[in-house]
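For reference, the structure is listed below as structure tokens.
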Amino acid sequence: MTVIKSNKSTDLFLDHVVSHTDFSALRAKGLEFLKEKGLPALKEEEYKFTAISKKLEQSISRFSTAENIPLTQEQIKPHIFEGFNGDLVVFNNGVFDPSVSSVSKKGYTFETLSENQPELLGKIAKTEKDPFVALNNVFFEDGIYIKVGKNQKIEQPILFLYFNQANKGEVITPRLLIEIEDGAEVKFLENTISLDEESYFSNPVTEIKVGQNAHVHYCRFQNENRKSISVNNFEVDIHKDATFTSVVISMAGDLVRNNLSLNLLDTGCEGNMYGLYLLNGKTHVDNHTNVDHTKPHCQSNELYKGVLADSSRGIFNGKIFVRQDAQKTNAFQQNNNILLSEDAIVNTKPQLEIWADDVKCSHGCTTGQLDEEALFYLQARGIGKENAKGLLLFAFAGEVLEYIAVDSFKDYCLHLVQERLGSNF
Amino acid sequence: MSKDNQILEDLTSKEYEHGWSVNLEVDEAPTGLTEDTIRWISAKKEEPQWLLDWRLKAYKIWLAMDEPKWANVHYPKIDLQSLKFYSAPKQSNKPKSLDEIDPELLQIYERLGISLNEQKKLQGIAVDVVLDSVSVGTTFKDTLSKLGVIFCSFSEAVKEHPELVKKYLGSVVPMTDNYYAALNSAVFSDGSFCYIPKGTRCPMELSTYFRINAANTGQFERTLIIAEDNSYVSYLEGCTAPQRDENQLHAAVVEIYAAKHAEVKYSTVQNWYPGNKEGVGGIYNFVTKRGICAGDYSKISWTQVETGSAVTWKYPSCILKGDYSIGEFYSVAVTNNYQQADTGTKMIHIGKNTKSRIVSKGISAGHSQNSYRGQVQVMKRATNARNFSQCDSLLMGNRCGAHTFPYIDIQNPSAKVEHEATTSKIGEDQLFYCNQRGIATEDAVALIVNGYAKEVLNQLPMEFAVEAQKLLALTLEGSVG
């Protein structure tokens, strides 16, 4: 029998474990998992095309937690998009920074994890699910716990800004727990910003519980520096008649891995996942999504699109599970990719696992180039080839951006996408 | 619902048609697998030294390998040491014509519905029949040899055409390929060998019928098909086994080599014993099938109808090396009771302007699990590669599962790859439409399933299409989703 040896990167992390007094059970569990299983070894199915351990060994030199550097309003301002007037939550190297945040707490409670010590922590994103959840359990210093009250409809979006920068250490471990009570409605936006061009490793875990008949929108924008590595674990429990929509837009980074799991726990739930990866340079983006239909009459929609230039690599793995009880499920999944260069690579694996018979599930996946005829049509009408290409790509990418529920943020993203399509492709 | 249950009950209680066995006097290898077993087999078959060396090399490689665990199937560990690796019906001399074949043997095939005599006279199909481990008779040899087509058992080919066997054996499926391919390379007993010379269009369907008869044996056959430039051959394969309570192992290797402008069509109707309705017994079918389109403009087409076996693990694949080469895969996989199937294909695009097409139709009933696992890989140099994949699943009853695992790896920007998959049950509207026009629900189901599988069944040669349709009707008769 081949024994998978614990790899070097796991040991490097384990050498830098700092003991914390709180959440001892959760941390112990994480540590145990890491000692036993370690970070994903080469060829592990879940990390097949993303040699994460090797990458960490090569790129990260200090495996201890990055210390925070005081942030100024001037640094933050450019990243607050036009038209925004909601609450702002700033994370400085993974830790909440009250000095530059503005939290009104209207309709919700806002505490650090250490203040509240919520029972729910670690119950949604389970340790054994992914080694990086275990790693987060061990390394996070403090996190945020947000609880949106019953039937509260929060009009303005809540914006999370993550500012990352290596400082003494290079490991950044944010932790976020959001509980949305029955009937509430809320929109979250998230943007991650690198403060310099140096490499670091960020490993956030976000857990969300969506109560009965609640409606939640969560949009993430990923545009970190070209040396950054990030592994994001994002898991949502959705309860009866609730809706959750996730939009993820990835534009840069050295290696980005997104694990997104939606658990549809009761009847009448709806889970939506939309993603766009617009890659150039050597950026490697790996989206692993997982929808678990456990009860009847639920619906899930998924659309991920990718445009890949230079020697970038895009990976999509979408799993849909339909359990035996989940009759009358509708689950749709679509992944489209456009390759623009000889060196770009796409690996996609849309996966369906179905145990119920009365369901409608489908997935589709295409990889190709821009439609020659559409290009010709535009050229025939006097639009230059480059412009025509940009236009078509913009239309291709735009379909995903349409799902962003906050118009001002959508405009901000559209602008950045347009800029990218105009310059680099 | 009670009607559904009744129908499902009927469906699951259907007995396996080919479940009988015949007491034949047999030559068997001692139980278990050691280097001596391999020497014994090799000596028994009077093989040359190079082949024995090749087998032993494979055995050494196999020893260092682990059983694959990644497939979506569950079964108790197979104790290879309790198996017999060779079993052959006793015959004093090699028969010169069919008249000399043991009448009891012929009877077996009569019962299977493939009378060698009849086939010879009426249908004009050349049949090679493999019972347990060895080939027992090949029809139409003379007619074929006039055209230069070689169609014989593998052991005959080793004796009479060693240069061909030596050149191509293991060239498509190397012994290092996987656990079962290595095992097969070490202990394979017999199989079919087929060689189509340059510019020849094989005038008839070539067919092999595999039958496991003896108890406690594993069947390891090896098929090698070589199609030279501008040739064409259509090859059929059928399998059945007796009903036994223990699980039997079938680990075959099929290799196809297609040169320039050659076309090979390979069709399988697999109906190994699937186990009883509690899931006891049945064949473990772990097969490695692969073809290489080595020459430009060559084409390999796989068609399979999988209805039998307790556990199936099978991925007929195409390596599209030649420019403008084409690979096709058409599959209908039906699982019932506690059957498990993990099947699909691999299309590896290496040459320029290569095309592939995958159509997979899964039907699961009872407590069965049916998985499609496929890979489409477009290498960096495969400019203008084109692939279309469609895999549909049909579920009958709420205890079964359908799973899809497609891997799509693209490294060339000019590739156009499409994949589509759907899972559903038979639509109530479809049934209603039929009912409304006076078609009873049961007939309507048959009609719909037949239509669902038609795209694949149409690819089968006439003679097989009949058998396949019969099989499909048998397994799904009266089932309402």
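Nothing in this text is a laboratory measurement; each read-out follows from the coordinates by a stated rule. Being a predicted model, the structure only gives us computed values, none of them experimental. Here Cβ is always computed from backbone atoms with ideal geometry, including for glycine, and neighbour counts include all displayed protein chains.
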### Query
Other chains near A:338-347: what is the mean number of their Cβ atoms within 10 Å of each residue's Cβ?
5
## Note on the structure
Taking R0 as 51 Å and r as the Cβ-Cβ distance between A:ALA405 and B:MET65, the FRET efficiency 1/(1 + (r/R0)^6), rounded to the nearest 0.05, comes to 0.45
### Query
In region B:314-350, which residues have a backbone nitrogen under 14 Å from the label point lying 7 Å from B:ASN458's Cα in the Cα-to-Cβ direction?
B:330-331
### Query
Counting Lys and Arg as +1 and Asp and Glu as -1, each charge on the Cβ, what is the dipole of region A:371-425 about the Cα centre in debye, to the nearest 20?
180
### Message
Can you order the peptides A:15-23, B:447-455, A:128-136, B:142-150 by their average number of other Cβ atoms within 10 Å per residue, highest first?
### Response
A:128-136, B:447-455, B:142-150, A:15-23
### Least to most buried among A:GLU353, A:GLU402 (fewest other Cβ within 10 Å first)
A:GLU402, A:GLU353
### Message
Going by Cα centres, region B:385-457 and region A:239-312 are how many Å apart?
### Response
26
### Query
At 222 nm, what helix-only mean residue ellipticity would chain A give, in deg cm²/dmol to the nearest 500, using -39500 (n - 2.57) for each DSSP H run of four or more?
-6000 deg cm²/dmol
### Query
Considering amide H positions built from the backbone, and no H for Pro or chain starts, which residues 5 or more places from B:ILE426, or on another chain, come under 5 Å of its amide H?
B:LEU395, B:GLY481
#### Entry: Long pairs among A:LYS328/B:LYS346; A:LYS349/B:LYS454; B:LYS57/B:LYS166, criterion Cα-Cα beyond 25 Å
A:LYS328/B:LYS346; A:LYS349/B:LYS454
### Message
Check which residues have an amide H placed less than 5 Å from A:ASP87's amide H, if you skip close sequence neighbours.
### Response
A:LEU159
### Message
For a test of the definition: using alpha carbon positions, the gyration tensor, and the 1.5 limit on a/c, classify region A:7-58 as rounded, prolate or oblate.
### Response
prolate
### Task
Set the Förster radius R0 to 30 Å, insert the Cβ-Cβ distance between B:ASP443 and A:ASP358 as r into 1/(1 + (r/R0)^6), and round the FRET efficiency to 0.05.
0.85
### Query
Using θ = phi - 60° and the Karplus form 6.51 cos²θ - 1.76 cosθ + 1.60, what ³J(HN,Hα) does each residue of region B:218-228 get, whole Hz, x for Gly and Pro?
x, 10, 10, 9, 9, 10, 10, 10, 10, 10, 7
### Task
Evaluate peptide B:392-399: per residue, the Cβ atoms of other protein chains within 10 Å of its Cβ; return the mean as an integer.
3
### Message
Skipping prolines and chain starts, which residues have an amide H placed within reach, meaning under 5 Å, of the one on B:THR268, given they are 5 or more residues away or on another chain?
### Response
B:GLU237, B:THR303, B:GLN304, B:VAL305
### Query
Taking B:LYS69 as the anchor, which aspartates and glutamates have their alpha carbon closer than 19 Å to its alpha carbon, excluding any fewer than eight residues away along the same chain?
A:GLU44, A:GLU45, A:GLU46, A:GLU353, B:ASP79, B:ASP177, B:ASP342
